[in-house]
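The values are calculated or read from the model by the stated rules, or taken from the named source; none is laboratory data. What you see is a predicted model, and the numbers here were worked out from it, not measured in a lab. All Cβ positions, glycine included, derive from the backbone under ideal geometry; neighbour counts span all protein chains shown. These area figures cover heavy atoms from the full protein model, side chains too; ligands, DNA and RNA do not enter into them. Shrake-Rupley method; radii C 1.70, N 1.55, O 1.52, S 1.80 Å.
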Amino acid sequence: MTQAGRQGSPRNSSGRNGSERNASQRNTSQGGNPGGGFRGGAAKRGGGFGSDRPQRAPKPREERFIDPDEAAAGTQPGRGAAEPRSAKPSSRKPAARKPGAKKAPGTPGALKPKPRTGAPGAAASRAFGSERFGQNLGPVRRPSRKKGPRGEVPQSELHDADGVRLQKVMASAGVASRRVCEEMIAEGRVEVDGQVVTELGVRIDPKTAVIHVDGLRIQLDENLVYMVFNKPKGVVSTMEDPEGRPCISDFLRNQQGERLFHVGRLDVATEGLLLLTNDGELANRLTHPSYEVPKTYLVQVRGPFPQGIGAKLKEGVELEDGFASVDSFRLVDSTPGHVLIEVVLHSGKNRIVRRLFDAVGFPVLRLVRVKVGPIGLGDQRQGSIRNLGKQEVGHLLASVGL
């Protein structure tokens, strides 16, 4: 260690060395550079100690292969975080001027109270707001269906004298604490069998009642299972395969004896999201074409990809079994020789994505399903199975009108 370095140690902070250190600091304040230290911020950025060494030329940038897994998780290398958007002046009407502002909660046309996102305990005021696992999917999106006039049913008809108090059922299901559940009921945010309940003394039968909080369905049957499987390439979308190929049951080590349905199918070469459940009604609705549940795929093809192909896929292509199209088309990324595309469609026809891209002259190199309805893979690793959170289950049920 040099003398300048020894002067900075606590053991030598007094006496002769201390005076030399003070002199060194005076020289530094007058423009000196004792000990060859950093020359301000520029020297730190350059990485040197005041030397005039020439900088090295940057290495040529290597071509990067696009990985759909990284694109799905939003962790592609070389991509920075999105900059926050500038705040815009709000054009919303004051709450007092909105229609229905003066009506009592729970009456037809009344405003539904919204939780204050910035207030303490705002997460707990949402249904399953304190849930540790799963994803917060935001507001509930229900299918657009024509409904007739809503009949008003007296809350006394919803009351079951032999049942359980509504707030207790909600708290037992993990919605929130009993006190917060009582506040939700008083604010008109809870529905039982399609009717808004605002009275705290209502008792219900948990086995038959259908409860919604802020439009989110509360699943009270603990025997029902909802899981997400990230299927790897080479796995058959069946529970058993007579040819001995890897299948879904090979990954269900902890579900012995539990009969599960896989919602939809993925061919052997396609990877990604498969829903597994023993809820037969949900499985039927998710696969029924009348509910038009959207499915999101990442498609990798060889580039360059000319303009106009996306518009053609959205307009529709004639296939051997009829007319087919995609709901949306978005170019995610492009590198020399490879193009990554995101498509959304609700068709459940066999190998529909591969056949659509074959029809426009771009065979699929890799295909990954990353989302079904409101449920996405996120950063879930391949070959793993996870249970859906209660928020996710509620959104999934609401997406098909349950």
With criteria (1) touching a residue at least 24 places away in the same chain (Cβ under 8 Å); (2) surrounded by 16 or more Cβ atoms within 10 Å (Cβ to Cβ), Cys247 comes up short on (1)
Can you pull out the residues in segment 263-272 that are buried (at least 19 other Cβ atoms within 10 Å of the Cβ) and either of a type in the set (Val, Ile, Thr) or closer than 13 Å to Gly348 by Cβ (or both)?
-> Val263, Leu266, Thr270
If you go through segment 383-399 one residue at a time, do you hit one that is among the aliphatic types (A, V, I, L, M) and either modelled with pLDDT under 90 or more than 30 Å from Glu222 (Cβ to Cβ) (or both)?
-> yes
Since Leu275 meets every condition but one in (1) assigned to a loop (DSSP other than H, G, I, E, B); (2) open to solvent by less than 40 Å² (accessible area, probe 1.4 Å); (3) not basic (Lys, Arg), which condition does it not meet?
-> (1)
Can you tell me which residue among Gln307, Gln300, Gln256 is polar (S, T, N, Q), at pLDDT 90 or above and either open to solvent by 50 Å² or more (accessible area, probe 1.4 Å) or touching a strand residue (DSSP E or B) at 6+ places or on another chain (Cβ under 6 Å) (or both)?
-> Gln300
Total residues in segment 210-237, condition crowded, with 22+ Cβ neighbours inside 10 Å and part of a loop (DSSP other than H, G, I, E, B) | 1
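Hey, could you check segment 310-340 for residues that are of a type outside the set (Gly, Ala, Ser) and open to solvent by less than 30 Å² (accessible area, probe 1.4 Å) and say which is nearest to Val353 (Cα to Cα)?
So in segment 310-340, the residues of a type outside the set (Gly, Ala, Ser) come out as 312-315, 317-321, 323, 326-327, 329-333, 335-336, 338-340.
From what's left, open to solvent by less than 30 Å² (accessible area, probe 1.4 Å): 313, 317, 319, 326, 333, 335, 339-340.
On the way: Leu313: 10, Val317: 11, Leu319: 11, Val326: 9, Asp333: 18, Thr335: 22, Val339: 15, Leu340: 14 Å.
This residue is Val326.
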The lone condition Asn350 fails out of (1) under 26 Å from Pro289 (Cα atoms); (2) among the polar types (S, T, N, Q); (3) open to solvent by less than 50 Å² (accessible area, probe 1.4 Å) is (3)
Leu402 fails exactly one of the following numbered conditions: (1) within 27 Å of Val301 (Cβ to Cβ); (2) touching a strand residue (DSSP E or B) at 6+ places or on another chain (Cβ under 7 Å); (3) not β-branched (Val, Ile, Thr). What is the number of that condition?
-> (1)
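Taking the stated definitions as given, is Arg351 over 23 Å from Thr277 (Cβ atoms) and in contact with an Asp or Glu (Cβ under 7 Å, 6 or more places away or on another chain)?
Numbers: over 23 Å from Thr277 (Cβ atoms): yes; in contact with an Asp or Glu (Cβ under 7 Å, 6 or more places away or on another chain): yes.
Yes, satisfied.
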Give, as residue ranges, the strands (runs of 3 or more DSSP E) completely inside segment 302-402 that count at least 2 residues that are within 23 Å of Val235 (Cα to Cα), among the β-branched types (Val, Ile, Thr) and touching a residue at least 60 places away in the same chain (Cβ under 8 Å).
-> 366-372
Would you check if there is a residue in segment 273-289 being touching a residue at least 12 places away in the same chain (Cβ under 8 Å), touching a helix residue (DSSP H, G or I) at 6+ places or on another chain (Cβ under 7 Å) and more than 30 Å from Gln219 (Cβ to Cβ)?
-> no
Has segment 189-203 got at least one residue that is open to solvent by less than 30 Å² (accessible area, probe 1.4 Å), part of a loop (DSSP other than H, G, I, E, B) and among the small types (Gly, Ala, Ser)?
-> no
